[in-house]
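Visitor: Quick one: structure below, then a few questions.
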Amino acid sequence: MGGSANDPARQFAAAWEAASDALSEWAQRVGDATNEALDKIEPAVRAAVEAGRSAVTGDWRDCRCQCTTAHPDDSGVCDGRAVMARRVGEADVSLCAPCAVAQGFAEMKG
Ligand SMILES: [Zn+2]
Ligand SMILES: [Zn+2]
């Protein structure tokens, strides 16, 4: 809406937020998920993922999730393609969609 709306990170944040409801639904099904889960991803989540992939370049491309510690129960879900960043301490950690879900999933359980 505003003049700063073409900031890619801001656009992606908005898209991600819009998808969060669908994402949390998807998270409930991700339990035994592999990368195949991406094929079943909700349309709204897919839109956010695509927005992220087009908005994000360079260092963002690789998922930096510490899978075995961040979400040990779902450590196999990582697809390595970062679509978002999560604030961890003072650093932004790039995460792929499955890892983002898995981390949220782990926190909900925790
Ligand atoms: Zn991970
Ligand atoms: Zn990952």
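Visitor: List, please: which pairs have Cβ atoms under 7 Å, are six or more places apart or on different chains, and start with a residue in segment 91-105 that is of a type in the set (G, A, S) and within 7 Å of ligand 1 (Cβ to nearest atom) and end with one that is assigned to a helix (DSSP H, G or I) and open to solvent by less than 30 Å² (accessible area, probe 1.4 Å)?
Guide: Note: pairs meeting the criteria are A102/D74.
Visitor: If you don't mind, another one. When segment 54-80 is examined, which residues are found to be modelled with pLDDT under 85 and either assigned to a strand (DSSP E or B) or not aliphatic (A, V, I, L, M) (or both)?
Guide: S54, T57, G58, D59, W60, R61, D62
Visitor: If you scan segment 64-82, which residues turn out to be buried (at least 16 other Cβ atoms within 10 Å of the Cβ) and free of Cβ contacts under 8 Å to residues at least 40 places away in the same chain?
Guide: R64, C65, C67, A70, H71, C78, R81, A82
The values are calculated or read from the model by the stated rules, or taken from the named source; none is laboratory data. All values reported here derive from a predicted model rather than from experimental measurement. Counting neighbours? That spans all protein chains shown, and the Cβs are built from the backbone with ideal geometry, glycine included. Note: areas computed on protein heavy atoms with side chains; ligands, DNA, RNA excluded. Shrake-Rupley method; radii C 1.70, N 1.55, O 1.52, S 1.80 Å.
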